[in-house]
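Remarks on the structure that follows.
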Amino acid sequence: MDIPELLGAGLVLLLLFVTGFLGAKWKIPEVIVYILLGIAVSGLLTDSHMVHFVGEVGIVLLFFMLGMEFPLKQLVGVAKKVTPAGSIDVVLNFGIATGICLLFGLDLISSLLIGGVVYATSSSITAKMLESSKRMANPESEFILGLLIFEDLVAPVLVAVLVGLTAGEEITGGALALLMGKVFLLTIVAIVLGRYLFSKLGPFFDRHLSSDVFILFVVGVAIAYGGFALYLELSEVLGAFLAGIMLAEVKRSHQLEGLVVPLRDLTLPIFFLYFGTTISFSEGVPMIGLLITLLVWSIAAKIIVGMVGGRLYGLSKKVALRAGLSLTQRGEFSIIIAALATGTVQAFGSIFILASAMLGIILFQSAPAITKRLFKTKQAEQKWQVPS
């Protein structure tokens, strides 16, 4: 017997509430509990167009709000400050991870997709854990947040490129040039609209922000520009991020976030739930050797990024190590990349994300104790070292 869609939607929201509530009580990130819920109910929600569409709106609003954090001038300033650490991050976590996959015999597209899954630290998990562990005032928090911002800038472009490469076309110089041309066009249009249109609309926004219908305009801009990116055969994530940058030029981001947050918080969990429904363990854990190798490398690479990039940023050795140990969890961006894959590669990416997130949470929570013990031991060795 088929149940009405309205009843089904209500039951899904109630399930999300219960799992999110329990996750918060047990200090498990919501991203993880929603994915696990999706795995649990996958038999009931497989191929649900409505769940997929609502989840897509959620991820569009997430990246739209990320974009609103960065007016163009601030964007350039942040990028310059963390570029050395961010560049090391891209090379180690995307570049070398892709190379490891190629060495294990995977084809280029699959290797690039898994490299993308390995790349970025989870912004949502990390920010929430910094806040809940009362480490936001620590010296490494500025570096960690700056690196997350750098990844948030790279992520939409990387997704757009991978979407183009997974569209079934041959990887040729001409195809790549066309793809980058589309990314350039989408970016330039957003910058021009932001600088010459939205920057002059401050008074209009002030007059109508309190209107009940104004949320339709704001969300409409986000979804429409995300849809424009899809029309260009790019990623809606890139379009949404650029739409946020456009509206950031109005200089009313705080008020606009107040409008969008409730809708984002309603739809984003459904994206993670939908992703969970796509994960299948019917064939067991695929490519176990590669999985273990990438888990070990992904942790080591983030620690190197923290230690080397943190030192370049101006942190002490101890603080830089603590930062590196706090960067190992993967989350929402990795899920977006994994969702582009199919079959074995998607299953592999899903298992990697869950394992990495769990290990990352443990390392994050243990980072202060680990660094304290290591540097206490080092100081003791130096103290008792007899000069020759």
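Sorted largest first by accessible area at a 1.4 angstrom probe radius, with every protein chain in place, the residues Trp297, Trp26 fall in the order Trp26, Trp297. Annotation for the stretch 24-101 versus the stretch 228-249: alpha-carbon center distance of 15 Å.
Note on surface exposure: Met180, Met65 rank Met180, Met65 by accessible area, highest first, 1.4 Å probe. For the stretch 1-51, go through all pairs of different Cα atoms, get the mean of 1/r, take its inverse, and jot down that Kirkwood value in Å. The Cα-based Kirkwood calculation yields 11.7 Å.
Derived from the Cα gyration tensor, the three semi-axes of the equivalent ellipsoid of the stretch 44-200 are 26, 23, 20 Å, largest first. Per residue, the chain exposes an accessible area of 48 Å² to a 1.4 Å probe, with every protein chain left in place.
Taking every protein chain into account, the 1.4 Å probe leaves Thr371 with about 0 Å² of accessible area, to the nearest ten. Here the stretch 69-137 has an Rg and Dmax of 15.8, 45 Å, counting Cα atoms alone. The orientation-averaged projected area of the convex hull spanned by the Cα atoms of the stretch 254-328 comes to 8.3 nm².
Spread over its residues, the convex hull of the C-alpha atoms of the chain is 171 Å³ per residue. Per residue of the chain, the DSSP helices (runs of n ≥ 4 H) give a summed -39500 (n - 2.57) that works out to -25500 deg cm²/dmol at 222 nm.
Between the stretch 122-197 and the stretch 305-368, what is the separation of their alpha carbon centroids in Å? Each part's Cα centre sits 16 Å from the other's. When the chain is treated as a Gaussian network with alpha carbon springs shorter than 10 Å, the biggest mean-square fluctuation among Ala40, Ala320, Ala248 belongs to Ala40.
Using heavy atoms of the protein chains and a probe of 1.4 Å, the accessible area assigned to Leu295 is about 30 Å². Under a Gaussian network description of the chain, with springs only between Cα atoms under 10 Å, the residue in Gly23, Gly116, Gly173 that fluctuates furthest is Gly173. Ordered by 1.4 Å accessible area with all protein chains kept, Arg311, Arg373, Arg330 run largest first as Arg373, Arg311, Arg330. As a rough guide to protection, the peptides 241-247, 51-57, 347-353 ranked by mean Cβ packing within 10 Å, highest first, stand as 241-247, 347-353, 51-57. Shape descriptor for the stretch 1-108: Rg over Rh equals 1.11 (Cα atoms; Rh from the Kirkwood inverse mean 1/r). Residues considered: Ser110, Ser48, Ser356. Largest GNM mean-square fluctuation over the chain, using C-alpha springs under 10 Å, is found at Ser48.
Pairs with C-alpha atoms separated by more than 21 Å, drawn from the list Lys73/Lys200; Lys25/Lys128; Lys128/Lys372; Lys25/Lys134; Lys27/Lys128; Lys128/Lys302, are Lys128/Lys372.
The values are calculated or read from the model by the stated rules, or taken from the named source; none is laboratory data. Note that the structure is a prediction, hence the values are computed from the model and not measured. Every residue, glycine as well, gets a Cβ built from its backbone with ideal geometry; the counts of neighbours run over all protein chains shown. Only protein heavy atoms, including side chains, enter the accessible area calculation; ligands, DNA and RNA are left aside. Shrake-Rupley method; radii C 1.70, N 1.55, O 1.52, S 1.80 Å.
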